[in-house]
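Right, one structure below, let's go through it.
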Amino acid sequence: MVGKSLRVYLETTATYKKIRNYLDDNKMQAFTYQLKEDKEFNVVLHGMPADMSPQEIMDDLLVLGISPSYCHIMTNRKTHLPMPLFLVSLPSNEDNRNIYNISEVCSVKVTVEVLNKKPGPAQCYHCQGFFHNSRYCSKNPRCLKCLKPHMTMDCKKTLSEDPTCCNCQGKHPANFLGCLNNPLNKSPPVDRKKVQEERLAERKEMLAKLRKNSSPPEKPNSAPPKPTSVAPKPPTTTAPKSHSLLYSKALADSLPKKTKPLVKPPEEQKD
Ligand SMILES: [Zn+2]
Ligand SMILES: [Zn+2]
Ligand SMILES: [Zn+2]
């Protein structure tokens, strides 16, 4: 049991499939993780008119020897209006990799690009939860813009109305990267072991310097560095650059701008 939910770890693919089918057949609220063998890659088709049917695109790709598993129109993150861009998911195999060589789909000239991945963990379009894909989610739908249990496309909220996040009740859509309930902002994306190693290396370097100069240190401090001083430092590793910047920014935003005195002035305490 994890909190209010039950987590099941399965040993074989067969049992995974059985359980996934059972969940679907009984319309149970659950999500499952994607199997390694089901791993897919996503591309974006540019050049198609926004009113093109995703099914037609999938059918035409099949004729070209490419077997997509999913195709849907992409929407603008701010306006939620459809854009002339189609996201295509494809199982990872050699034939499907040929999609990068395609220049025409449904008699329309197209360019195929790798999808720019959003930083942070995967977020479900269906329930707005994290770390899973909407295609393996049978939980109740939750709206991106309001607290009602419906699909975002069925939402009656207009652009002039403030969105409400179903993950934190804040005034932003549920996919806002700065949402405090986004795991991206809950814990530093760099793993603890790495941080510890980096700190150890820093300390060793400092000690070596101290021995060299044999002058007393200004402040022998072993406490973790403040987030504000971390942000401008160039990262030693390339991978979590945007993550750490986003994290420190969100942290800085969440910190109170002004600190009020906690103790009342002594005059007020007299009489
Ligand atoms: Zn979900
Ligand atoms: Zn809604
Ligand atoms: Zn939120």
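Data table
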{"read-out": "Selection count, region 31-73, where residues are on the phi > 0 side of the Ramachandran plot and either within 16 Å of ligand 1 (Cβ to nearest atom) or in a strand (DSSP E or B) (or both)", "value": "0"}
{"read-out": "Which listed residue, of LEU62, LEU87, LEU35, LEU81, is surrounded by 13 or more Cβ atoms within 10 Å (Cβ to Cβ) and not polar (S, T, N, Q)", "value": "LEU87"}
{"read-out": "Selection status of LYS4, under 29 Å from PHE130 (Cβ atoms), touching a Pro at 6+ places or on another chain (Cβ under 8 Å) and modelled with pLDDT under 90", "value": "no"}
{"read-out": "Residue check, PRO149 part of a loop (DSSP other than H, G, I, E, B), away from ligand 3 (no atom under 11 Å from the Cβ), more than 19 Å from LEU81 (Cα to Cα) and at pLDDT below 90", "value": "no"}
{"read-out": "Residues located in region 152-167, provided they are touching a residue at least 12 places away in the same chain (Cβ under 8 Å) and within 15 Å of ligand 3 (Cβ to nearest atom)", "value": "THR152, PRO163, THR164, CYS165, CYS166, ASN167"}
{"read-out": "Test: residue in region 136-144 that is out of contact with any Asp or Glu (no Cβ under 8 Å at 6 or more places or on another chain), touching a residue at least 60 places away in the same chain (Cβ under 8 Å) and within 12 Å of ligand 3 (Cβ to nearest atom)", "value": "yes"}
{"read-out": "Hey, SER89 of a type in the set (Ser, Thr, Tyr) and free of Cβ contacts under 8 Å to residues at least 40 places away in the same chain or not", "value": "no"}
{"read-out": "Qualifying residue in region 86-96 (condition: over 16 Å from the mean Cα position of the chain (by Cα) and within 16 Å of ligand 2 (Cβ to nearest atom))", "value": "no"}
{"read-out": "Cβ-Cβ under 8 Å pairs, at least 6 apart or on other chains, region 168-189 side more than 18 Å from HIS132 (Cα to Cα) and aliphatic (A, V, I, L, M), far side in a loop (DSSP other than H, G, I, E, B) and modelled with pLDDT of 90 or more", "value": "LEU180/CYS168; LEU180/GLY170"}
{"read-out": "Condition broken by CYS127, with the remaining ones in (1) among the hydrophobic types (A, V, I, L, M, F, W, C); (2) over 29 Å from ILE19 (Cβ atoms); (3) in contact (Cβ under 8 Å) with a residue 24 or more places away in the chain; (4) surrounded by 12 or more Cβ atoms within 10 Å (Cβ to Cβ) satisfied", "value": "(2)"}
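The values are calculated or read from the model by the stated rules, or taken from the named source; none is laboratory data. Treat the numbers as computed from the prediction; the structure is a model and nothing was measured. Heads up, the Cβs are rebuilt from the backbone with ideal geometry, glycines too, and the neighbour counts pull from every protein chain shown.
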